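Read through the structure below, which is laid out as structure tokens, and then see the notes.
The values are calculated or read from the model by the stated rules, or taken from the named source; none is laboratory data. Just so it is clear, the model here is predicted, and its values are computed rather than measured. All Cβ positions, glycine included, derive from the backbone under ideal geometry; neighbour counts span all protein chains shown. The protein model used for the area step is the full one, side chains on, heavy atoms only, and it has no ligands, DNA or RNA in it. Shrake-Rupley method; radii C 1.70, N 1.55, O 1.52, S 1.80 Å.
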Amino acid sequence: MTNTEIRSVRPEPAGPRKTRGPRQSREPSESTTSTTPASRSRGARLLAVLFLAPTVVGIVVFTVVPIVGSIALSLFQWDVIEDPRWAGAANYREILTDSTVLVSFRNTLVFMVLAVALQLLIALALAIAVNGRMPMWLRSVFRSAFFFPLVLSAASLSVVMKYLFNQDFGPVNWLLGTVGIPSVPWLTSENGAMAAVVLAYVWQQFGFSFLLFVGGLNTIPKEVHEAASLDGASGPRKHLAITLPLLSPTLLVASVVGIINALQVFEQPYVLTAGGPGDSTRTVVMVIYETAFEQLRFGEASAVGVLLFALIMAVTALQFRLSRRYVHYQ
Amino acid sequence: MTDSLLSRRGLMRYGAYGAGAAAVAGVAAGWDRLTAADIPGRDDGSLVIATLGSAFNPEAQRALRDGFREVHPDIRIRINPVQAYDWSDFFSKILTQIAAGTAPDLVYVATEGVQLFARRLGVPLDAWAKRDAAELRTYFADVHPSLVESMMYEGSLYQLPVEFNAADMYLNTRVLERAGAELPDDDWTRDDFTALLRAMKRSNGAAFTPYFWTNRLWGGVVPWLFAGGTNLLAESKAPGGDWLWNSFYPEAERRGRGGGYRWTTPLADTDRVAEVYDYLASLVQDDLCTRPEGGDGRNLVGVFSTGRVGVTPAGGFWAGGLHEAGMKPTDYDVRYFPRGRARRHQFGAAGYAMLRTSRMRDEAWEFIKYTAREDVMTQLFAANQTTPARRSMVDAARYRKTGPAHWQVFYDTLDKIPSTGPIPAPPQVNEVEQLLIKHTGTALASPGAVRPALRRLQGDLERAMEREV
């Protein structure tokens, strides 16, 4: 426990609890300044409001207003050119019976499971490896290298990936061919396309989880691992019994952020496969984009957006609910 | 505790800091700086012209701008090159500009978007064309009527075509030599085509792909449908347009012309369409071509020029691209699309459409006329990045440096094959194209998938065509 925590849990003196009057304070009763405790409290609140206001205004303007706007727009038919027309629940009826929309939700969930699991596994394995015994300069090289794809544009990275995964002319199949593996239809078969999209996404995104895990691993006291070693625990055993439980808060953050990002995937499937073959890699955000900007059905696109918003909220709430069981705080 | 740390004096001090910061911010805000209003031409009464970014290079754009200023010094213009991957992407960006209240006056629109723009956003050019008929006579005399008809909608003219590209076949002559094959005849058939692909496959390595194609409206499955004597959507012609045909074209050329195409009932589940898909599926199955989604136009020049591809459909636009990639004029050649049940070819054309939101319509018309001039088109298309709509410009001098040897094919596709027609592009074009791409991918993904995929394509197209655009 830190000193602050010790102070905060100091027990009240024994005996009947006194009721404080309105002007009473827990701080020294004789103020050394001319201000009263009440005015000081008002000042502190004012200062807090001043500091928080810009962020709150930003959230309201750039998050709450668009959300409310999207919900409102989902009840209208609007094609940009004409004025919006009231549609009520018709947009929702339309999208809930549209097989493309339903398939896109299924694809997005499948993608989320695969991408987040792979991303967390790779990031965790690499973070543990980098955190092992190695010179500081080499550690820095690895950290930079793993983080580097995250700062690149997802669209441009996907263009490169599209070339790499090309069935006829791509280097990936050429490499496989050199060891006798036949050409894989990465982007032109249903399973291959999803695999390519997941790999392209994970390649770009795992750096974020990696950095979180490196930070989390550094907070685990070395003594705990040393004590386990003295007790004869093996390397894998130490990671399973010590590293993972102590890293669970970081895992929670990484998985929450990872899932929210994965549910909004757009660039990789859009550039790599354009949602195909068929609808096999069409994601929800792709459907929103196509419905709004290519078919000019902004009301229906907003309705899909509202459903995605609800899905993200539900999944995130579920994660926090489950985290009560599995996340251990020191 | 926070409240114990802040005295009134402290609060005043922080307040003073805040006021100081606000004053600094106010001074900064009042300082001369660049804003959106400083973008040259914005809200200054300029005629704003949106072009597909890659359609004209910077030199050509300068020529367009400076040349127009010389002729019309009283009209200020601003070229707004919009970078886009394809026409569909381009339309999306233009519509976003319109939604944002920054609509251009003129938009460069290809066949894919002619009817969408005409129906929702375009201004018919009929009145101006009639007024300036004398001035336009030489233009129309030089431009094939099929190109003009493809720019009409429900009896009215919406654009003057300045360029087009028909889907002909490019062949790599070095690959042909390796295969011991000759350049095919003018009248080659689908069977000749298949035999040639097999010969190419035999004489080249495993990393070689005889036929490269893409999954889209132009150059994808549609030219095969045309050659197969069918179409994606039933085709007819709108009435009207006599004012144009009677004014500008002789009797022989105006026969059968109307007020523009109508594409209505989907034909995806017909036997002829299935026959075409079965043929393409057999090519995929036999490893004679790329899968359509795998074909990406962006690396096509590279794989063709290095001999990893033997044949691909392309228009006159490819002559410039292959020359840039280092191919000699003798390294490749061009032929008509192989004949199936029919000899029909597909083309797409482009020109400037005037938007209803424009408040400078007369000025916009002057610009449209200006871009249709031969001297202007000569400057714009100097690099052979497309086929000029003017027949007189498609000559030996133009292709001497770039090739191909049979450059006549580009315009002959219109002149010698009268049935050649535009891409099926109704006002619902964006959804139609999406559905075509999606279901073509599914149809060719596995053996036996053609008919179920075409049935789904038919159903989806019917719904799309019923949708009011």
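Just to be sure, is A:Ser189 within 14 Å of chain B (Cβ to nearest Cβ), modelled with pLDDT of 90 or more and open to solvent by less than 50 Å² (accessible area, probe 1.4 Å)? Write out each step before concluding.
On the way: within 14 Å of chain B (Cβ to nearest Cβ): yes; modelled with pLDDT of 90 or more: no; open to solvent by less than 50 Å² (accessible area, probe 1.4 Å): yes.
Taking the combined requirement at face value, the residue does not satisfy it.
Just the residues that are over 20 Å from B:Leu116 (Cα atoms) and facing another protein chain (nearest Cβ under 10 Å), please, taken from the stretch A:277-306.
Residues satisfying the conditions are A:Pro277, A:Gly278, A:Asp279, A:Ser280, A:Arg282.
When the residues of the stretch B:159-210 are filtered to those that are of a type in the set (A, V, I, L, M) and assigned to a strand (DSSP E or B), which remaining residue is nearest to B:Gly348 (Cα to Cα)?
Top of the filtered list is B:Ala166.
Filter the stretch B:52-64 down to the residues that are open to solvent by less than 60 Å² (accessible area, probe 1.4 Å) and either closer than 16 Å to B:Tyr370 by Cα or within 14 Å of another protein chain (Cβ to nearest Cβ) (or both) and list them by number.
Passing the criteria: B:Phe56, B:Ala60, B:Gln61, B:Ala63, B:Leu64.
Test B:Thr402 against the criterion of being under 21 Å from the mean Cα position of the chain (by Cα) and among the polar types (S, T, N, Q), and give yes or no.
Judged against the criteria, B:Thr402 is not a match.
Can you work out which of the residues in the stretch A:79-99 that are of a type in the set (A, V, I, L, M) and in a helix (DSSP H, G or I) is least open to solvent (accessible area, probe 1.4 Å)?
A:Ile95
Among the residues that make up the stretch B:282-305, is at least one of them within 14 Å of another protein chain (Cβ to nearest Cβ), within 22 Å of B:Val109 (Cβ to Cβ) and small (Gly, Ala, Ser)?
yes
Of the numbered conditions (1) modelled with pLDDT of 95 or more; (2) part of a helix (DSSP H, G or I); (3) open to solvent by less than 10 Å² (accessible area, probe 1.4 Å), A:Val265 satisfies every one except a single condition; which is it?
Only one criterion is unmet by A:Val265, namely (2).
If you check A:Ala274, A:Ala310, A:Ala314, A:Ala241, which single one turns out to be open to solvent by 20 Å² or more (accessible area, probe 1.4 Å) and within 14 Å of another protein chain (Cβ to nearest Cβ)?
Just one listed residue meets the conditions, A:Ala274.
Between residues in the stretch A:231-249 that are closer than 16 Å to A:Gly216 by Cα and residues that are open to solvent by 60 Å² or more (accessible area, probe 1.4 Å) and in a helix (DSSP H, G or I), which pairs lie under 7 Å by C-beta distance while being six or more apart or on different chains?
From the stretch A:231-249, the pairs are A:Ser248/A:Tyr326.
Tell me, please, whether a residue that is in a loop (DSSP other than H, G, I, E, B), more than 27 Å from A:Ser209 (Cβ to Cβ), within 12 Å of another protein chain (Cβ to nearest Cβ) and open to solvent by 70 Å² or more (accessible area, probe 1.4 Å) can be found in the stretch A:170-182.
yes
Here are B:Ile49, B:Ile75: which of them is outside any strand (DSSP E or B) and surrounded by 15 or more Cβ atoms within 10 Å (Cβ to Cβ)?
None of the others qualify; the one that does is B:Ile75.
Taking into account only those residues within the stretch B:177-210 that are within 14 Å of chain A (Cβ to nearest Cβ) and surrounded by fewer than 17 Cβ atoms within 10 Å (Cβ to Cβ), which is nearest to A:Asp168 (Cα to Cα)?
Out of the qualifying residues, it is B:Ala207.
Please enumerate the residues belonging to the stretch B:441-469 that are among the aliphatic types (A, V, I, L, M) and open to solvent by 20 Å² or more (accessible area, probe 1.4 Å). Reasoning before the result, please.
Step one: filter the stretch B:441-469 for residues among the aliphatic types (A, V, I, L, M), giving B:443-445, B:449-450, B:453-454, B:457, B:461, B:464-465, B:469.
Selection gives B:Ala445, B:Met465, B:Val469.
Cβ-Cβ under 7 Å, sequence separation 6+ or interchain: first residue in the stretch A:292-319 and part of a helix (DSSP H, G or I), partner among the acidic types (Asp, Glu). Which pairs?
A:Phe298/A:Asp79; A:Glu300/A:Glu94
Tell me whether the stretch A:100-123 contains one or more residues that are open to solvent by 40 Å² or more (accessible area, probe 1.4 Å) and at pLDDT below 95.
no
Just one of (1) in contact (Cβ under 8 Å) with a residue 24 or more places away in the chain; (2) over 27 Å from B:Ala84 (Cα atoms) trips up B:Val311, so point out which.
For B:Val311, the failing item is (2).
Identify the residue in the stretch B:149-176 that is within 19 Å of B:Arg308 (Cβ to Cβ) and touching a helix residue (DSSP H, G or I) at 6+ places or on another chain (Cβ under 7 Å) and, among all such residues, is most open to solvent (accessible area, probe 1.4 Å).
If we take residues in the stretch B:149-176 being within 19 Å of B:Arg308 (Cβ to Cβ) and touching a helix residue (DSSP H, G or I) at 6+ places or on another chain (Cβ under 7 Å), then B:Arg174 is most open to solvent (accessible area, probe 1.4 Å).
Taking the stretch A:277-299 only, how many residues are polar (S, T, N, Q) and open to solvent by 10 Å² or more (accessible area, probe 1.4 Å)?
Selection size over the stretch A:277-299: 3.
Only one residue in B:Ala252, B:Ala234 is modelled with pLDDT under 95 and surrounded by fewer than 18 Cβ atoms within 10 Å (Cβ to Cβ), so which one is that?
That would be B:Ala252, the only listed residue that is modelled with pLDDT under 95 and surrounded by fewer than 18 Cβ atoms within 10 Å (Cβ to Cβ).
Give B:Arg335, B:Arg339, B:Arg356 a once-over and let me know the one that is open to solvent by 10 Å² or more (accessible area, probe 1.4 Å), under 30 Å from B:Arg137 (Cβ atoms) and in contact with a strand residue (DSSP E or B) (Cβ under 8 Å, 6 or more places away or on another chain). Reasoning before the result, please.
Values: B:Arg335 fails: under 30 Å from B:Arg137 (Cβ atoms); B:Arg339 fails: under 30 Å from B:Arg137 (Cβ atoms).
From the options B:Arg335, B:Arg339, B:Arg356, the qualifying one is B:Arg356.
Just give me the residues in the stretch B:405-449 being within 14 Å of chain A (Cβ to nearest Cβ) and among the basic types (Lys, Arg), in sequence order.
The one that is within 14 Å of chain A (Cβ to nearest Cβ) and among the basic types (Lys, Arg): B:Lys438.
Can A:Ile260 be described as farther than 23 Å from A:Asn131 by Cα and either among the hydrophobic types (A, V, I, L, M, F, W, C) or away from chain B (no Cβ under 13 Å) (or both)?
Answer is yes for this residue.
Looking at B:Ala129 and the list (1) at pLDDT 95 or above; (2) under 28 Å from B:Pro329 (Cα atoms), which single condition is not satisfied?
(2)
Quick check on my filter: what residues within the stretch B:93-116 are open to solvent by 30 Å² or more (accessible area, probe 1.4 Å) and touching a helix residue (DSSP H, G or I) at 6+ places or on another chain (Cβ under 8 Å)?
Selection gives B:Thr96, B:Ala103.
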